[in-house]
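The values are calculated or read from the model by the stated rules, or taken from the named source; none is laboratory data. Here the structure is a predicted model, which means the values were calculated and not measured. We place every Cβ from the backbone using ideal geometry, glycine too, and count neighbours over all the protein chains shown.
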């Protein structure tokens, strides 16, 4: 079985202060260095909203490596390539995406540093559920693959129309990983899969907050969900099967509300037979972690 790296999507959330991070942590330690003690990968979320500055990418790599030499980042491709500029009110398609040459240049500056430092495990190309499997949209996916083919690519599509043998063969031919996701099963949303189409396996756990997924005043509310052990067990089995086919598999928890992603990532590490440690500040908020992890004083 190939290596499995378990981690969280992002690390910079206001509601993680005093929950995942001890109060005042930022004054004495970088959050990436702290979190890398407990997880083996972090999916960079900020790159979706703004391009990573090269000097910042280098800092992140050095801080993570200091705490965990085996640590890897994955990074979300900037939304200019995957979403309509007004995606909240306009469906995303090849006709509404507005990426330009400058976006490509700026995106690659930060990604190149991560790759040069040996810390870029994958580049995630994340499309919304409104991005359906059409001729024009497939052409756009092809264009994005060509622009960023120097990086290990993972494509996340959330509409069920993409889940077919033709698409899987195409991804395999291009050496692009299919992102297997857990999300509320609403309408034509993609259901859980365990596809492997490249040397990289990839899983993203978004939570199952049906009430808030499409009807919420706050974008972060949809990620307010804590997986139960039984729910994680189902994904542990899928991840194991994925890892039997992939050289390296990333399992990323995106249910970040109040540190729940960190809780489930640590629990999943233990289920996969890996060493699992949890910061005492997080265990104080989620006592059930005592059953899954060694408690570490912070």
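Brief remarks follow.
- Candidate set from the stretch 1-20 (those that are modelled with pLDDT of 95 or more and within 21 Å of residue 273 (Cα to Cα)); member that is surrounded by the fewest Cβ atoms within 10 Å (Cβ to Cβ): 3
- Exclusive hit being modelled with pLDDT under 95 and buried (at least 17 other Cβ atoms within 10 Å of the Cβ), set 129, 89: 129
- Subset of the stretch 26-39 [touching a helix residue (DSSP H, G or I) at 6+ places or on another chain (Cβ under 8 Å) and either part of a loop (DSSP other than H, G, I, E, B) or crowded, with 20+ Cβ neighbours inside 10 Å (or both)]: 30, 32, 34, 35, 36, 37, 38, 39
- Scan of the stretch 282-298 for residues that are surrounded by fewer than 21 Cβ atoms within 10 Å (Cβ to Cβ) and in a helix (DSSP H, G or I), ordered by number: 283, 284, 285, 287, 288, 290, 291
- Flag if residue 73 is in a strand (DSSP E or B) and either in contact with a helix residue (DSSP H, G or I) (Cβ under 6 Å, 6 or more places away or on another chain) or closer than 23 Å to residue 251 by Cβ (or both): yes
- Yes/no for residue 237 being at pLDDT 95 or above, loosely packed, with under 15 Cβ neighbours inside 10 Å and closer than 24 Å to residue 155 by Cβ: yes
- Test: residue 266 is crowded, with 21+ Cβ neighbours inside 10 Å, closer than 22 Å to residue 196 by Cα and at pLDDT 95 or above: no
- Residue among 294, 237 that alone is touching a strand residue (DSSP E or B) at 6+ places or on another chain (Cβ under 6 Å) and without any contact (Cβ under 8 Å) to a residue 24 or more places away in the chain: 294
- Considering only residues in the stretch 1-24 that are touching a helix residue (DSSP H, G or I) at 6+ places or on another chain (Cβ under 6 Å) and assigned to a helix (DSSP H, G or I), the one that is farthest from residue 262 (Cα to Cα) turns out to be 15.
- Residue check: residue 167 meets all listed conditions (1) under 19 Å from the mean Cα position of the chain (by Cα); (2) modelled with pLDDT of 95 or more but one, namely (1).
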